[in-house]
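Input: a single structure, listed below in structure tokens.
The values are calculated or read from the model by the stated rules, or taken from the named source; none is laboratory data. Since the model is a prediction, treat every value here as computed from it, not as a measurement. Every residue, glycine among them, receives a Cβ derived from its backbone with ideal geometry; neighbour counts consider all protein chains shown. Surface accessibility is based on the protein's heavy atoms, side chains included, excluding ligands, DNA and RNA. Shrake-Rupley method; radii C 1.70, N 1.55, O 1.52, S 1.80 Å.
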Amino acid sequence: MGACRRRSPPRDGKEEAVFLRRKITLPRVIALGIGTMVGSGIFISPKGVLQNSGNVGVSLIVWLACGILSLFGALSYADLGTSITKSGGHYIYLLETLGPLPAFLRLWSEFVMIRPANMAVVSLAFGQYLIEPFFAPCQAPALAVKLTTATGITLAIVVNCWSVSWAANVQTVLTALKIATVGLIIVPGMMALGNGHFENFQGSFDTSLLSLDKLPLAFYSGMFAYGGWFYINFVTEEIVNPTRNIPLGVMVSLTVVTVCYILTNVSYYAVLTPQEILDSEAVALSFADKVFKSISSVIPILVALSCFGALNGGIFAASRMLFAAAREGQWPAFFSMIHLQRHTPLPALILMLPLIYLMVSIGDLYGLLNFYSFSRWFFLGLATLGLILQRYRHPEMPRPFKVPLFIPLVFTIACFFIVGTSLYADPVNTGIGCAITLTGLPVYYLVVQKTRLPRCCTSKFNSLTVKLQILMKVAVQEVQTY
């Protein structure tokens with residue numbers, strides 16, 4: 001699509017060739033899984049889960065159910081990732097199992113809505129927690145939060161553009177830090193329970209405030225907190241020994257995160273009343289103010305770094321979906337190019353920047369959560385449905401890691417149930433999400449299929465691609481990695 005290959009002096013073998021290296025070892029796989037899940041979710045979602053579940057007991061059940069559902073989804077994706085060895089996650093699995101149109105609609109919704117909104121939620125939480133201590137006891141101005149947020153987004157993009165190893169090392173360090181941060185919340189909560197503080201658990205299953213039509217929104221908030229389990233599959237071609245490390249990585253990361261999330265929520269309820277959680281804009285900050293007092297300002301900074309880790313991991317993984325789509329011919333070829341020296345997908349990374357900025361400027365945390373959740377979980381359900389169909393169509397296909405069919409079946413049904421009921425519970429945001437997804441249809445038929453694209457437009461587009469390629473020092477992949 002107008003892309004020119006690099007013309008340079010002869011190279012002495014594969015080391016200088018342009019391709020994405022396998023640098024993601026098992027510890028980095030686990031760090032990516034844990035690091036993208038444990039971000040802003042556990043620090044902002046407890047309010048949304050409690051608000052929509054109606055009581056403490058049901059909220060804890062929702063957290064456990066979300067962990068089990070996420071594990072089912074992750075195991076299904078591990079099956080797909082070890083049999084379909086391309087990077088790209090959801091997009092590639094839909095392309096290989098259900099065809100090009102569902103894959104493109106997933107890609108379209110991902111980069112027009114899901115990815116920018118998700119990154120905006122995480123980065124807004126980063127900005128809010130980082131800057132809040134400097135304005136205490138007052139609330140931080142919205143403009144200051146958004147400026148801090150924009151700085152964090154830019155830094156994460158720069159790190160990912162500069163080096164895959166840098167991005168992976170940052171992810172590993174911040175994952176260790178965020179587990180320590182979660183520990184700082186769990187330990188005081190368990191100590192409070194040990195001292196007999198069970199008063200906030202009285203009437204835990206009082207059904208007077210339970211509203212079944214809002215329960216799907218509680219699952220949205222909970223599933224958002226677990227939402228990073230699929231990122232491992234976005235970088236399959238960069239994982240060392242993927243047939244072993246993908247299944248092992250998802251099982252370890254989901255188990256650790258589920259246990260941490262349940263204990264963290266129990267700790268919140270041991271220290272804060274349900275009303276205090278509902279009134280708080282930053283639950284972890286309210287917890288720190290009550291427990292740590294003199295050093296409470298340290299906790300929000302640690303939480304902010306945790307959010308930055310999720311932001312870094314999400315950007316690292318999501319750029320590979322765009323890279324894979326461009327390589328498959330469903331996105332401009334320029335975005336499948338790799339920097340000649342850095343060996344990073346530079347164009348795919350840079351495209352994400354203005355889209356996230358836009359969402360940050362117009363969105364709020366909880367509105368954004370409901371806004372993009374419809375499309376995210378609808379396509380996750382389609383991907384695991386594709387796994388089921390593929391089992392029947394291609395029983396001979398090698399599957400190094402094979403899960404029982406009931407696992408993807410349960411996950412698929414759960415996704416479609418939550419999506420369906422959300423249309424009733426929050427018709428405005430979910431309706432907007434559905435409408436934006438469908439705007440990809442004319443783009444697919446008019447542009448991707450190229451049925452009506454004038455030749456003059458194609459020529460100009462190709463010329464622009466070559467100029468941008470020279471400017472950014474990027475070239476198409478020279479070594480097949482799948």
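Things to note:
- With Cα atoms, 0 to 90° folded angle of helix 365-393 axis to the chain main axis: 60 degrees
- For segment 16-82, diffusion coefficient by Stokes-Einstein and Kirkwood Rh (Cα), 37 °C, 0.692 mPa s, µm²/s: 224 µm²/s
- For the residue pairs Lys86/Lys402; Lys178/Lys473; Lys86/Lys467; Lys86/Lys178; Lys178/Lys293, alpha carbon separations beyond 26 Å are given by Lys178/Lys473; Lys86/Lys467; Lys86/Lys178.
- Exposure ranking of Val112, Val121, Val479 by accessible area [1.4 Å probe, largest first]: Val112, Val479, Val121
- Under Stokes-Einstein, with the Kirkwood radius over Cα pairs as Rh, the value for the chain at 20 °C and 1.002 mPa s is 94 µm²/s.
- The tail of the calculated P(r) for segment 267-422, taken as Cα-Cα distances beyond 18 Å, holds 76 percent of the pairs.
- When Asp79, Asp426, Asp279, Asp289 are compared by accessible area at a 1.4 angstrom probe, the order from most to least is Asp279, Asp289, Asp426, Asp79.
- Inter-label distance, nm, simple model (7 Å from Cα along the C-beta direction), Leu409/Leu64: 2.5 nm
- Largest first, the extents of the alpha carbon coordinates of segment 110-220 on the three principal axes equal 52, 36, 32 Å.
- Taken along its principal axes, the alpha carbon cloud of segment 215-278 reaches lengths of 48, 22, 16 Å, longest axis first.
- With bins 10 Å wide beginning at 0, the percent of Cα pairs of segment 150-306 falling in each bin runs 9, 29, 33, 21, 8, 0.
- The Cα atoms of segment 246-286 cover 40, 18, 12 Å along the three principal axes, with the biggest extent listed first.
- Length-normalised contact order of segment 125-193 in % [C-alpha pairs under 8 Å, at least 6 apart]: 22 percent
- Taking 28 Å as the straight-line reach from the Cα of Lys214, the lysines in range (excluding those fewer than 8 positions away in the same chain) are Lys47.
- Net charge of Cβ neighbours under 12 Å - reference Ala192; Lys, Arg +1; Asp, Glu -1: 0
- Under Stokes-Einstein, with the Kirkwood radius over Cα pairs as Rh, the value for segment 32-122 at 37 °C and 0.692 mPa s is 214 µm²/s.
- Net length gained if the chain between Leu358 and Phe292 were fully extended (0.36 nm per residue, minus Cα distance): 20.1 nm
- At the listed q of 0.15 Å⁻¹, the Debye profile of segment 108-164, built from one uniform point per Cα, gives log10 I(q)/I(0) equal to -0.51.
- Projection of the Cα convex hull of segment 259-354, averaged over all directions and equal to a quarter of that hull's surface, yields 9.6 nm².
- Note on segment 79-122: Cα Rg divided by 2.2 N^0.38 Å, N the number of residues, gives 1.26.
- Its alpha carbons considered, segment 55-179 gives a radius of gyration followed by a Dmax of 18.7, 54 Å.
- Whole-number percent relative contact order across the chain, with pairs defined as alpha carbons under 8 Å at least 6 apart: 35 percent
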